[in-house]
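The block underneath contains the structure these notes are about, expressed in structure tokens.
The values are calculated or read from the model by the stated rules, or taken from the named source; none is laboratory data. Just so it is clear, the structure is predicted and the values come from calculations on it, not from any experiment. All Cβ positions, glycine included, derive from the backbone under ideal geometry; neighbour counts span all protein chains shown. Accessible surface areas use protein heavy atoms only, side chains included; no ligands, DNA or RNA. Shrake-Rupley method; radii C 1.70, N 1.55, O 1.52, S 1.80 Å.
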Amino acid sequence: MEKIKVKNPIVELDGDEMARVMWKMIKEKLILPYLDIQLVYFDLGIEKRDETDDQITIEAAKAIKKYGVGVKCATITPDAERVKEYNLKKAWKSPNATIRAYLDGTVFRKPIMVKNVPPLVKRWKKPIIIGRHAYGDIYNAVEAKVEGPAEVELVVRNKENKTLLVHKFEGNGVVMAMHNLEKSIRSFAQSCINYAISEKVDIWFATKDTISKVYHAYFKDIFQEEVDKRKEELEKAGVNYRYMLIDDAAAQILRSEGGMLWACMNYEGDIMSDMIASGFGSLGLMTSVLVSPDGVYEFEAAHGTVRRHYYRYLKGEKTSTNPTASIFAWTGAIRKRGELDGTPEVCEFADKLEKAVINTIESGVITKDLQPFTEPPIDKYVTLEEFIDEVKKNLEKLL
């Protein structure tokens, strides 16, 4: 079979641990045998990021901006334990946060629905999409331990010059200062509105402005301004906008049938996307795409590096790790590349690979994480390698 030519490059960002192992298998078995594709490769494994003082992450972000489409494997965001484990120079920032900040994009996470893995929340009939603001807040915060007694102040130097007392510490404690930008918040609102109109789904936006009367209220006001600007367009598309407190939204989402875009601030989006993924069955069944205001796309899986499975893999044990979300990261990037390049045969390949994955799961070939949730119950599961090989067989039938 002649390989399908991909006109322009895709930027590939490699990752860590079991996710990296899966990534290599997916690329070698499901992508490279069928596509004539140029991959602009960056190794974002924790050792390489440490070796380059994390400059490789910035270079990767620049490459995604240049070529327009990237695909990323899950990576480690090191804590103190990981710094020791990998003998790192420091606890480097989240590479996802670095890339999001550089591209100033919004992350949209959407569950992959399969017939025999019904949502744990029985009322959910349609996908719930999380639109996560992708800049600032705790991901770009400055923080410090405080040895008391001490006074911590927030100083704003401009034409007004403000000094705000954060806290008088009698003893030891900890402090954090975080920020956001009006431009980025507007981009977030605009991206969510564009996505909702294209998908014809309602928008829910939630913050905690009753407590954070300046920071969170700033988000609320700007989002409302952007919605008001697009009022006629939203009405024409049949898209409704609702604002609510984040705790109210969390309660109402469980009673809904789904089918909406839930727009969240950065941290809330991080948490709620994991909750939604688990509610639909597994983090292994959740897609994630970063979309910048200027039309740059970076696709990835919503799950982490699957650390526990990696330790077993290093011992030579077989694992039943779910590669579905990582495969869909590749298909998302390939489809978008095809759309941007005007090459429908590339898009068609992405569609067929996704169908092959869905057919595999719906035929009863599943990984261990899905076994507790299948209906009707499936009494056995397959290894990572067996699952990918079965996907390959099903893909061959479609090509």
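Observations, loosely collected:
- Some residue of the stretch 79-88 being farther than 22 Å from D369 by Cβ and touching a Ser or Thr at 6+ places or on another chain (Cβ under 6 Å): no
- Look at the stretch 182-202: where a residue is over 13 Å from W262 (Cα atoms) and a partner is aromatic (F, W, Y) and not in a helix (DSSP H, G or I), sitting 6+ places away or on another chain with Cβ atoms under 8 Å, you get S184/Y135.
- Scanning the stretch 274-295 for residues being open to solvent by less than 20 Å² (accessible area, probe 1.4 Å), outside any strand (DSSP E or B) and within 26 Å of G338 (Cβ to Cβ) gives a total of 3.
- Subset tally (residues that are in contact (Cβ under 8 Å) with a residue 60 or more places away in the chain and either acidic (D, E) or crowded, with 21+ Cβ neighbours inside 10 Å (or both)) for the stretch 247-269: 12
- Picking from residues in the stretch 73-128 that are open to solvent by 50 Å² or more (accessible area, probe 1.4 Å) and in a helix (DSSP H, G or I), the one that is nearest to S273 (Cα to Cα) is Y102.
To keep it simple, each residue is scored yes or no on (1) modelled with pLDDT of 95 or more; (2) not aliphatic (A, V, I, L, M).
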{"residue": "L285", "(1), (2)": "no, no"}
{"residue": "V291", "(1), (2)": "no, no"}
{"residue": "G295", "(1), (2)": "no, yes"}
{"residue": "S320", "(1), (2)": "yes, yes"}
{"residue": "F328", "(1), (2)": "yes, yes"}
{"residue": "R335", "(1), (2)": "yes, yes"}
{"residue": "G338", "(1), (2)": "yes, yes"}
{"residue": "D341", "(1), (2)": "yes, yes"}
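- Residue that is farthest from the chain's Cα centre (by Cα), among those in the stretch 355-364 that are free of Cβ contacts under 8 Å to residues at least 40 places away in the same chain and surrounded by fewer than 21 Cβ atoms within 10 Å (Cβ to Cβ): S363
- Residues in the stretch 1-53 that are of a type in the set (D, E), open to solvent by 20 Å² or more (accessible area, probe 1.4 Å) and either under 14 Å from I327 (Cα atoms) or not in a helix (DSSP H, G or I) (or both): E2, E28, D36, D43, D53.
- Selection status of M244, at pLDDT 90 or above, assigned to a helix (DSSP H, G or I) and either touching a strand residue (DSSP E or B) at 6+ places or on another chain (Cβ under 6 Å) or buried (at least 23 other Cβ atoms within 10 Å of the Cβ) (or both): no
- Of the residues contained in the stretch 327-342, none is found to be under 30 Å from H216 (Cα atoms) and among the small types (G, A, S).
- Selection status of A101, among the hydrophobic types (A, V, I, L, M, F, W, C), touching a residue at least 24 places away in the same chain (Cβ under 8 Å), in contact with a Ser or Thr (Cβ under 6 Å, 6 or more places away or on another chain) and under 28 Å from E51 (Cα atoms): no
- Taking every residue in the stretch 317-330 that is under 13 Å from V382 (Cβ atoms) and pairing it with any residue that is open to solvent by 10 Å² or more (accessible area, probe 1.4 Å) and part of a helix (DSSP H, G or I), at least 6 positions away or on another chain, the pairs with Cβ-Cβ distances below 7 Å are T319/H309; T319/R312; T319/Y313; S320/K368; T321/H309; N322/D369.
- Options G342, G316, G338; residue that is in contact with a Phe, Trp or Tyr (Cβ under 9 Å, 6 or more places away or on another chain) and either more than 30 Å from R82 (Cα to Cα) or not basic (K, R) (or both): G338
- Among the residues of the stretch 203-238, those identified as surrounded by fewer than 19 Cβ atoms within 10 Å (Cβ to Cβ), in contact (Cβ under 8 Å) with a residue 24 or more places away in the chain and within 19 Å of A251 (Cα to Cα) are K208, D209, T210.
- Answer residue from the stretch 365-382, given it is farther than 20 Å from F328 by Cβ and assigned to a loop (DSSP other than H, G, I, E, B) and is least open to solvent (accessible area, probe 1.4 Å) among those: I378
- Taken together, the residues in the stretch 296-340 that are open to solvent by less than 30 Å² (accessible area, probe 1.4 Å) and part of a loop (DSSP other than H, G, I, E, B) amount to 9.
- Residues being over 21 Å from T331 (Cβ atoms), modelled with pLDDT under 90 and of a type outside the set (D, E) - total across the stretch 94-118: 3
- Of E143, E153, all but one fail to be within 24 Å of I58 (Cβ to Cβ), open to solvent by 20 Å² or more (accessible area, probe 1.4 Å) and not in a helix (DSSP H, G or I); the exception is E143.
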